[in-house]
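Reading through the C-alpha cells given below for one structure.
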Amino acid sequence: MTRLINIDELADYLRLRKQTIYNWLHQRKITGIKVGGVWRFDRKEIDDWLKSRRRVSKAGER
C-alpha cells in the first residue's frame, strides 16, 4: 500500500522549509499529486529519489 504524506510531513521528514518543497515541485525536481487541493507525496518515491541523488553525488566526487 502506498504511503502518502502531506507537505508538512515531507518538510519534517527532509528537514526543509515548505517553500523549498514548493520550489522543487515548480522546478520538477520532485513529483506529487494534489488531492482535494492538498499536495501529497509518495514516501517510497521520495526515498528512491533521495537514494538516486546520493548516487549522483558520490559519482561526481570521483
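Only the coordinates and a few stated rules stand behind these numbers; no lab work does. From a predicted model like this one, the values you see are computed outputs, not experimental measurements. Backbone-built Cβ (ideal geometry, glycine too); neighbour counts: all protein chains shown.
Using r as the Cβ-Cβ distance of Thr2 and Arg53, and R0 as 22 Å, what FRET efficiency do you calculate, to the nearest 0.05? Could the numbers behind the result be given before it?
Details: r = 21 Å, r/R0 = 0.95.
It comes to 0.55.
Once backbone amide H atoms are built at 1.01 Å from N, Trp39 has Ile7 as its partners under 5 Å, excluding neighbours fewer than 5 places away on the same chain.
Once backbone amide H atoms are built at 1.01 Å from N, Leu16 has no partners under 5 Å, excluding neighbours fewer than 5 places away on the same chain.
Between Ala11, Phe41, Asn23, the Cα set farthest toward the positive side of the dipole of region 4-61 (charges on each charged residue's Cβ, about the Cα centre) is that of Asn23.
Relative contact order for region 4-61: what percent, with Cα pairs under 8 Å and sequence separation of 6 or more? Intermediate results must be reported in sequence, preceding the final value.
Numbers: 36 pairs, mean separation 20.6, N = 58.
It rounds to 36 percent for region 4-61.
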